[in-house]
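All remarks here apply to the structure that follows.
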Amino acid sequence: MSCPTRILKVPTIIEKDTSLKCSISWRVWCTIANELGKDLSRKTSFRQFYEAWLEVKWKYRRVKKLWIATFFAVTWWLWMVRNQIIFQQKEVNISEVCSSIKWIVARWTQALKDKLPYKVNEIGRNFTSIPVLFQ
């Protein structure tokens with residue numbers, strides 16, 4: 001868990017692909033993807049990682065939309081965590097980071113044009129069931 005110290009030396013965990021090299025960030029990415037039933041492989045650049053994320057096949061369009069939203073939720077929240085580490089000297093708790101990301105994605109479902117039969121709290125509590133819930 002030496003990554004937070006490295007984060008302090010790097011302008012951002014997103015810039016120049018460092019978020020993929022940081023062991024803590026990578027664990028967050030993998031945990032979130034695994035909870036949605038997908039495995040990730042490391043890429044040499046953040047752009048390649050993003051493109052691979054977009055290429056993941058889903059049977060249903062709604063699930064694909066949430067998968068894409070999840071990419072941006074993880075990216076944004078890792079940026080927020082990075083700021084907390086640098087400016088507030090906070091410790092990283094991977095479980096809390098992943099939980100926050102799940103709730104962000106759940107809240108973002110309200111912005112979908114397709115009205116969903118689930119409330120935000122149902123989606124947040126059943127994050128791993130998204131591929132089934134959104135068929």
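Odds and ends about this structure:
- Which of F49, Q110, S23, positive extreme of dipole for the chain (C-beta unit charges): Q110
- Length gained on full extension, A111 to K64: 15.5 nm, using 0.36 nm per residue less the C-alpha separation.
- Inter-probe distance in nm under a simple model that places probes 7 Å from Cα toward Cβ, at E91 and Q48: 3.6 nm
- In order through the range 50-62: 3J(HN,Hα) via Karplus (6.51 cos²θ - 1.76 cosθ + 1.60), integer Hz, x for Gly, Pro: 4, 4, 5, 4, 5, 7, 4, 7, 10, 6, 10, 4, 4
- Table column - 3J(HN,Hα) (Hz), the range 81-87, Karplus curve with 6.51, -1.76, 1.60, x for Gly and Pro: 5, 4, 5, 5, 5, 6, 8
- Ranking W79, I68, L36 by how far each Cα lies toward the positive end of the dipole of the range 23-133 (charges on Cβ) leaves I68 at the top.
- In order through the range 71-77: 3J(HN,Hα) via Karplus (6.51 cos²θ - 1.76 cosθ + 1.60), integer Hz, x for Gly, Pro: 4, 6, 5, 5, 4, 5, 5
- Cα gyration tensor shape for the chain, rounded if a/c is under 1.5, else prolate or oblate: prolate
- Excluding ligands, DNA and RNA, the accessible surface per residue across the chain is 59 Å² with a 1.4 Å probe.
- Relative to the Cα centre, the charge distribution of the range 62-130, modelled as +1 at Lys and Arg Cβ and -1 at Asp and Glu Cβ, gives a dipole magnitude of about 320 debye.
- For the listed residue pairs K38/K113; K38/K90; K65/K119, the alpha carbons are over 21 angstrom apart in K38/K113; K38/K90.
- Between V92 and any residue 5 or more places off or on another chain, the built amide H atoms are never under 5 Å apart.
The values are calculated or read from the model by the stated rules, or taken from the named source; none is laboratory data. From a predicted model like this one, the values you see are computed outputs, not experimental measurements. Ideal geometry is used to build each Cβ from the backbone, glycine not excepted, and the neighbour counts take in all protein chains shown. Please note that ligands, DNA and RNA were not included when accessible areas were found on the heavy atoms of the full protein model with its side chains. Shrake-Rupley method; radii C 1.70, N 1.55, O 1.52, S 1.80 Å.
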